[in-house]
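Chemist: Have a look at this one.
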Amino acid sequence: MLRLALVGAAVIALTAPLHAQGAQVAFGGMAQDTDAPVEVSADQLEVNQSDGTALYTGNVVIGQGEMRLAAPRVLVVYVEGQGRIDRLEATGGVTLVSGEEAAEAERADYDITAGTVVMSGNVLLTQGQNVLTSERMVVDLEGGTAQMEGRVRTVIRSQDETGQGQN
């Protein structure tokens with residue numbers, strides 16, 4: 001259902017008259033605790049001891065604090081010799097949800113140490129009734145902000161348009 005709503009929002013966004021080369025937006029409503037435990041669930045897991053990776057496939061869902069990331073395939077890269085996660089590489093169509101905001105892209109790379117998520121390939125961000133699209137979005141989880149890059153398109157709806165501002 002979320003995917004259908006986001007696809008519909010994307011169609012609206014493609015016809016938007018407001019364009020920019022880059023935009024800074026709030027993301028997540030609150031700062032994300034990048035030190036919180038990371039929980040991963042999936043249909044399958046393959047561990048490669050030689051290169052320190054774990055490949056999760058099939059209905060992968062990753063949770064950390066209030067943030068949820070879902071994708072068909074996620075490669076987990078561990079810090080060599082430390083047993084803690086360094087980064088996550090999600091591919092095959094990724095959905096990232098934080099608070100009441102949701103973003104979709106073809107790929108997402110989460111650098112846990114840096115506290116950033118880089119989403120690329122047909123990025124679609126929904127914030128309530130507002131929709132933004134771009135080719136790349138860099139989310140700063142500690143700051144609760146995102147930088148959208150590439151051809152950015154935006155649809156901003158007033159409360160009156162959504163029926164929320166009427167008495």
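Chemist: Pop a pseudo-label 7 angstrom from the Cα along the beta-carbon direction at both Glu66 and Thr91 and give the gap in nm to one decimal.
Modeler: The two pseudo-label positions are separated by 3.2 nm.
Chemist: Multiplying the sequence separation of Leu55 and Asp43 by 0.36 nm and subtracting their Cα-Cα distance, what value in nm do you get?
Modeler: 3.2 nm is the gain from fully extending Leu55 to Asp43.
Chemist: Next question, about the same structure. What FRET efficiency would be calculated for the residue pair Tyr78, Glu100, taking the C-beta separation as r and a Förster radius of 35 Å, to the nearest 0.05?
Modeler: 0.65
Chemist: Dipole of region 51-163 (Lys/Arg Cβ +1, Asp/Glu Cβ -1, origin at the Cα centre): which of Ala90, Gln127, Gly143 lies farthest to the positive side?
Modeler: Ala90
Chemist: Around Ala54, under 15 Å between beta carbons, what's the net of Lys plus Arg minus Asp minus Glu among the other residues?
Modeler: -4
Chemist: For the pair Gln129/Arg151, report the inter-label distance in nm, with labels modelled 7 Å from Cα in the Cβ direction.
Modeler: For Gln129 paired with Arg151, the spin-label model returns 2.7 nm.
Chemist: Along the Cα-to-C-beta direction of Asn122, a point sits 7 Å from the Cα; which residues of region 86-103 have their amide N less than 14 Å from that point?
Modeler: 92-95
Each value in this text was obtained by applying a stated rule to the coordinates, not by laboratory testing. Values in this document were obtained by computation on a predicted structure and should not be read as measured data. Heads up, the Cβs are rebuilt from the backbone with ideal geometry, glycines too, and the neighbour counts pull from every protein chain shown.
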